[in-house]
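These notes are about the structure you will find just below.
The values are calculated or read from the model by the stated rules, or taken from the named source; none is laboratory data. Here the structure is a predicted model, which means the values were calculated and not measured. Using ideal geometry, Cβ is built from the backbone for each residue, glycine included, and neighbour counts are taken over all protein chains shown. Quick note on the areas: whole protein, heavy atoms, side chains included, nothing else; ligands and nucleic acids left out. Shrake-Rupley method; radii C 1.70, N 1.55, O 1.52, S 1.80 Å.
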Amino acid sequence: MKVDLFDFELPQDRIALRPVSPRDAARMLVARGGAMEDAGVRDLPRLLNPGDMLVFNDTRVIPAQLEGKRGDASIGATLHKREGVRRWRAFIRNAKRLQPGDRILFGIDASAIASDRAEDGSFALTFEGDEPVELLLARVGTMPLPPYIASKRDIDARDADDYQTMFAREEGAVAAPTASLHFTPELMAAIEAAGIEHATLTLHVGAGTFLPVKADDTDAHQMHAEWGRIDAKTAARLNGVRARGGRIVAVGTTVLRLLESAADENRFIQPFEGDTAIFITPGYRFKGIDALMTNFHLPRSTLFMLVSALMGLETMKAVYAHAIENEYRFYSYGDSSLLIP
């Protein structure tokens, strides 16, 4: 499909630079087929059915944004996928000043050797020394806020908390599973009281999620791989929900992509561990999920293509037009939508 089909105009003042407080006070636009309802995240207990299951991503964002020097050249690095104990694949700012074999200094006592430049311009960075990379990043790294936020304000101490979900446990993401940012212990208690179940899985979100689609046609776009895991116990619980007539509601596109990667042709969720580079566009037949809760996405992005595959392109254009007209807040720190095909 032509990428131009997924374009729309978004006023810049609709981009949220901070989350609402408390988190579950965010608005939520509900779309059931072509019908729309203006609601709030706190309405989830009445919007879902007893026996449904919300599925969350328990990945934890690491401080993966680094600023360094190669000689007198300033080098920015955004880690996006772990390739070994000390080796990460990274997108590089000022990459023309970097060659394989070069050493980058990140502060006084942190350094990495660049190697293996890929076609997308990324490098492998192998961190030197014996200190665990996680401790090194905690000392010299910052939270990797999306470009549409980081370009408008500085990253600060608030983001260390604001950009983590309440489910964050498994370290490895370089972007938050933002649909889950709306949840609080109080909301989860209300959801449980309504008879709605929940489960967690892990998908380490990569910085590739923010990359623009540069191709003119979706067939020419290459997705970046991300690592995920669904254990056997969780897969069995998910299949049990379906067997009892409940719905699987993915909280976020990362959860959806992993569930679809793990689902077989009979709509059974299989245990899964490994990389997924699934790219979902209109025409895709969904097997792993029944509904999706997600924030509002970028024009021409793979995520807007995904929601258009779930609901239909014309429906999603109408949903986004309604959201823009009614001043919903967009992107990572913005409001939510509940999409029920």
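Would you confirm whether any residue within the stretch 333-340 is more than 25 Å from residue 206 (Cα to Cα), in a strand (DSSP E or B), open to solvent by less than 50 Å² (accessible area, probe 1.4 Å) and at pLDDT 95 or above?
Restricting attention to the stretch 333-340, the residues satisfying the condition of being more than 25 Å from residue 206 (Cα to Cα) are 340.
Retained after the next criterion (residues that are in a strand (DSSP E or B)): 340.
Still in the running and open to solvent by less than 50 Å² (accessible area, probe 1.4 Å): 340.
Next cut, at pLDDT 95 or above only: 340.
Taking every residue of the stretch 333-340 in turn, at least one turns out to be more than 25 Å from residue 206 (Cα to Cα), in a strand (DSSP E or B), open to solvent by less than 50 Å² (accessible area, probe 1.4 Å) and at pLDDT 95 or above.
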Revision key, fill the gap. Filtering the stretch 69-91 for residues that are in contact (Cβ under 8 Å) with a residue 40 or more places away in the chain, under 21 Å from residue 175 (Cβ atoms) and surrounded by 15 or more Cβ atoms within 10 Å (Cβ to Cβ) leaves a count of 9
Point to revise | Which listed residue, of 228, 172, is within 26 Å of residue 305 (Cα to Cα) and either touching a helix residue (DSSP H, G or I) at 6+ places or on another chain (Cβ under 8 Å) or assigned to a helix (DSSP H, G or I) (or both) | key: 228
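Residues that are basic (Lys, Arg), in contact with a His (Cβ under 9 Å, 6 or more places away or on another chain) and outside any helix (DSSP H, G or I): does the stretch 110-121 have at least one?
Applying the first criterion (basic (Lys, Arg)) to the stretch 110-121 yields 117.
Checking which are in contact with a His (Cβ under 9 Å, 6 or more places away or on another chain) leaves us with none.
Scanning the stretch 110-121, I find no residue that is basic (Lys, Arg), in contact with a His (Cβ under 9 Å, 6 or more places away or on another chain) and outside any helix (DSSP H, G or I), so the answer is no.
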Check your understanding: From the set of residues in the stretch 43-68 that are in a strand (DSSP E or B) and more than 22 Å from the chain's Cα centre (by Cα), which is surrounded by the fewest Cβ atoms within 10 Å (Cβ to Cβ)?
Key -> 67
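For residues that are part of a helix (DSSP H, G or I) and either on the phi > 0 side of the Ramachandran plot or surrounded by 11 or more Cβ atoms within 10 Å (Cβ to Cβ) (or both), tally how many sit in the stretch 149-162.
In the first step, residues of the stretch 149-162 are kept if they are part of a helix (DSSP H, G or I); the result is 149-150, 157-162.
Next, only the ones that are either on the phi > 0 side of the Ramachandran plot or surrounded by 11 or more Cβ atoms within 10 Å (Cβ to Cβ) (or both) stay: 149-150, 158-160, 162.
Qualifying residue count for the region: 6.
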Check your understanding: Could you list, in sequence order, the residues of the stretch 134-148 that are within 20 Å of the chain's Cα centre (by Cα) and either outside any loop (DSSP other than H, G, I, E, B) or surrounded by fewer than 18 Cβ atoms within 10 Å (Cβ to Cβ) (or both)?
Key -> 142, 147, 148
Study note, to complete from the structure: Residue hits (the stretch 306-319; open to solvent by 10 Å² or more (accessible area, probe 1.4 Å), within 19 Å of the chain's Cα centre (by Cα) and either of a type in the set (Ser, Thr, Tyr) or over 20 Å from residue 54 (Cα atoms) (or both)) are 309
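Only one residue in 234, 202, 165 is open to solvent by less than 30 Å² (accessible area, probe 1.4 Å) and part of a strand (DSSP E or B), so which one is that?
On the way: 234 fails: part of a strand (DSSP E or B); 165 fails: part of a strand (DSSP E or B).
None of the other options fit; the residue is 202.
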